[in-house]
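Trainee: Take a look at this one; I'll ask things after.
The values are calculated or read from the model by the stated rules, or taken from the named source; none is laboratory data. Just so we're clear, the structure is a prediction, and the values are computed from it rather than from any experiment. Cβ sites come from the backbone with ideal geometry, for glycine too, and all protein chains shown count toward neighbours.
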C-alpha cells in the first residue's frame, strides 16, 4: 500500500456547508490532526477507502468564502491550492456547497475552477430541497461549470459512495475557464507565467494579487512579482472588485439556466422564528446563562463517578505493583511515580469529554453563532470581538485549543487581547485543583433546596475568572495602541440537530490531543517530581531513620507515628523540600507552607500537577496509609496553630491563586507560537502572576 | 429600515468592506430583508441571497438601498 501513490484530495467549502460532516463520512475514525508546517493552523487529514480498495488521503481545509484570505486560516487554503509545484499539491479538489446557499457558494466554486486543478462539486443537503420548494438542474450545472457535480447528503452519508467513484475516475482539468483575466492585467500575468513558470493565468493572477499571503514564494520570487506589478501597473484592489462583479454576473446567468423551481427567498424561516426567542433581550441571555450553568452542573455531577472510579483503580494498581514488584528504586519509581502520574492524566478524560460534547453540540446546532451575535456589543466594549466568546468559552475546557481558536478573529488587536485573557478562564486543568480544595473547605450541602453549595462555589470561581478576563481585556485595550478596523460579518447558520457522530469524533479528537500532548508534560513532571521528592543532597534522606531515632530518643512513639515522622523527615530534606522551603518566605503571607510551595513550583508546568504533587507528597509522607489524597490533606495539621492546615482562608486563597495564575507551560508555548515571539507570553506570565499573588494575599488576609 | 422590511441593494458605499460584503452575497440588485437586531440594537441580522447574515450597524450602513 505504501509504495502505491495515494490519491490526495482537498476538501474545500464555505463555513457551515457540511464540510466537516462530509470529511467524517469519508474517513470515520481514520483521521488525525496536526499542524501545517510553520504555522499553527490545524491540519485535519483522514484516510478513506476507495471502491478499488486503495486508500485516498483527504485533507480538510478551513472553511472559506473566497480565495482572497482575510485570516490565517483562510490564507492556508490559498497557499495549498496555489502551490502547484509541490508533492503536497492535491490531485483532486472537492468543493462542497450547501444547496440552500448555492448562489453565494458558486463564487468560491468558480474561483477554484479557474485555478486549473481537477475539481468536483459536491452539493450538500439534497434532502433539504423539497422543503424549500427549490430545485435545480444539476446536469445543466455540471455542463455549464465544466466539472462533475455529485449530490450528497453529508449527514446521512447518501451519495458519498458515488462521490468516491467519481473521485477515482476523475483526473481531468476543468474544461472551462469562468473568469478571463482582464486585458489590462494580461501583460503582467504573461510575464509572470514566463518568469516563474506558472501553469495558468488565474494562478499567476493570484500571485500578483496576494504575494504576501503566499509563504511558499521565495524572497527572490516575491521581488520579481513586485517588479512585474510595478512595471505593468497592476492594482490588486481594483481588479479584485471587478473580478467579483464579473463572477457574479456569470453566476446570475448560470442560476437562471439551472433553476427549475424558485423558492421565495424571503419566507420567514424556522430559524428566524427561533431567533426571535433565542436572541430576545431577556430570554436570549437567560437561555444562554442557563446553558452555561447546565454545562457546569453536568461536569460536576456526571464526571464525579467515572473520576472516582479512575482514582480508586490507579490507587489499587499502585498498591498492587508495590506488593508484586521486587523492592528497589525502579519498582518504587513505577509504583509511586509513573502509575500515579498516568492516573493524573486519565482522570481528566471524563471532564474533557463532557465539556467538548457540549461545545461541539453548540457549534453543530448553530447556536454558537447566536452567542457571538448576542455578545458582540458587550464584548466590543471590552476591546474584544463577538468572536472572542468562542475562544473564551473554549478556554473553560483548555486554553490551548482556545488560543488556537482565536485565529478566526481577523483583527490583530482583538485577537492579541483575546489570547492574553483567555488563560484567565478556568480551564479543565484547574477543575481537579478546585474540586479537591472545595471538597476540603466547603461543606457538601444544599442551599435554597436544590443548589449544591460546592457547585455554587465552583460556578463562582468560573465567574471570577471570566470577570477578571473581561476587566484585563479592558485595561489591555487602553494599553495597546493600534488603529485597525474591526468588523463582524458572519453567517447565522440555520438551526439543526447536531450530528452525533460529529460530536463523538470531536470528543475523541480533543481527548486524544489532551492525553498525548498535555499528558506528556504531566507524566514527565510527575516522575521528575517523584525523584526530587525521594532523593536529596547528602545522606539525610537515606539515613532518615537514624536521624529521627536520635531526635526522638526521649519520646515514646508508636510504630505508626515513627514511620510518619521518618517519612516527613525524608520529604523535608529532599530536593523538593529544599525548593519549597526556600519559597516559604514569599508565600507565607498567602497562608501557604513549604508543601504548598512545592506544589506551586511543580504545577507551574501544568496546574493539574498540583493534585499529583499532593498525591506524591502525602503518599510518601505516610506510606502505610493508603486513604485518598483528600482525606490526607484534611488530616494535615498546621504545626503552628495545631489546627488543620487547610483552613477556609488558606483554601480560598489557593483557589483564587489558581484562578488567576498562569501556571501552564503548554499555554505559554502556544502563545509563543501564535504571536510569533516571546514578548506576549512574557507579558502574559508577568501580569497573571502579579494578579494571582496580590489577589490571594488579599483573600487570605481578609478571611484569616 | 424597520425589522421585517424588505429592500433592494443599490450600491455598496465602503471601499474597504464592499468586496467582503459582495463575497458574502450582498450584491447591488439583490433583495435584502432586515430581520431583527441583537438585544442592544447592534449587531443586526439580515436575510440576503437566501441565508442569514449578521453585521454590525456600522457595516450595515455601507449597504445603500433603493427606496
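Trainee: Within segment A:229-251, restricting attention to residues that are at pLDDT below 85 and touching a helix residue (DSSP H, G or I) at 6+ places or on another chain (Cβ under 7 Å), which residue is farthest from the other protein chains (Cβ to nearest Cβ)?
Mentor: Looking at the filtered set, the residue picked out is A:232.
Trainee: Here's something else I'd like to know. I'd like the residue in segment A:344-356 that is over 18 Å from the mean Cα position of the chain (by Cα) and buried (at least 21 other Cβ atoms within 10 Å of the Cβ) and, out of all such residues, is nearest to the other protein chains (Cβ to nearest Cβ).
Mentor: Residue satisfying both the conditions and the ranking: A:347.
Trainee: Next question, about the same structure. Restricting attention to segment A:460-468, does a residue exist that is at pLDDT 90 or above, part of a loop (DSSP other than H, G, I, E, B) and either in contact with a strand residue (DSSP E or B) (Cβ under 7 Å, 6 or more places away or on another chain) or closer than 30 Å to residue A:630 by Cβ (or both)?
Mentor: No, that holds for no residue.
Trainee: OK, next. In segment A:191-230, how many are free of Cβ contacts under 8 Å to residues at least 12 places away in the same chain and part of a helix (DSSP H, G or I)?
Mentor: Count: 9.
Trainee: Still on this structure, I have one more. Does residue A:166 count as in a helix (DSSP H, G or I), free of Cβ contacts under 8 Å to residues at least 40 places away in the same chain and either in contact with a strand residue (DSSP E or B) (Cβ under 8 Å, 6 or more places away or on another chain) or closer than 26 Å to residue A:109 by Cα (or both)?
Mentor: no
Trainee: Which pairs turn up if I take residues in segment A:368-394 that are free of Cβ contacts under 8 Å to residues at least 12 places away in the same chain and look for partners that are in a helix (DSSP H, G or I) with beta carbon separation below 7 Å, at least 6 apart in sequence or on another chain?
Mentor: Partner pairs satisfying both residue conditions: A:379/A:386; A:379/A:388; A:379/A:389.
Trainee: Same structure, new question: Against the conditions (1) part of a helix (DSSP H, G or I); (2) exposed (fewer than 14 other Cβ atoms within 10 Å of the Cβ), where does residue A:326 fall short? Just the number, please.
Mentor: (1)
Trainee: If a residue must be at pLDDT 85 or above and crowded, with 19+ Cβ neighbours inside 10 Å, how many such residues does segment A:121-147 contain?
Mentor: 7
Trainee: Within the bounds of segment A:357-367, is there any residue that is out of contact with any strand residue (DSSP E or B) (no Cβ under 9 Å at 6 or more places or on another chain), surrounded by 18 or more Cβ atoms within 10 Å (Cβ to Cβ) and within 14 Å of chain B (Cβ to nearest Cβ)?
Mentor: yes
Trainee: Only one of these is modelled with pLDDT of 80 or more, within 26 Å of residue A:599 (Cβ to Cβ) and out of contact with any strand residue (DSSP E or B) (no Cβ under 8 Å at 6 or more places or on another chain): A:508, A:528, A:548, A:541. Name it.
Mentor: Of the residues listed, the single one that is modelled with pLDDT of 80 or more, within 26 Å of residue A:599 (Cβ to Cβ) and out of contact with any strand residue (DSSP E or B) (no Cβ under 8 Å at 6 or more places or on another chain) is A:528.
Trainee: For segment A:432-442, indicate whether the set of residues that are over 21 Å from residue A:392 (Cα atoms) and outside any helix (DSSP H, G or I) is non-empty.
Mentor: Yes - at least one qualifying residue is present in segment A:432-442.
Trainee: Of all residues in segment B:3-19, how many are modelled with pLDDT under 85, in contact with a strand residue (DSSP E or B) (Cβ under 6 Å, 6 or more places away or on another chain) and either in a helix (DSSP H, G or I) or facing chain A (nearest Cβ under 7 Å) (or both)?
Mentor: Qualifying residue count, segment B:3-19: 1.
Trainee: Considering each residue of segment B:22-47, count those that are more than 7 Å from every other protein chain (Cβ to nearest Cβ), outside any strand (DSSP E or B) and under 18 Å from residue A:248 (Cβ atoms), and give that number.
Mentor: Selection size over segment B:22-47: 4.
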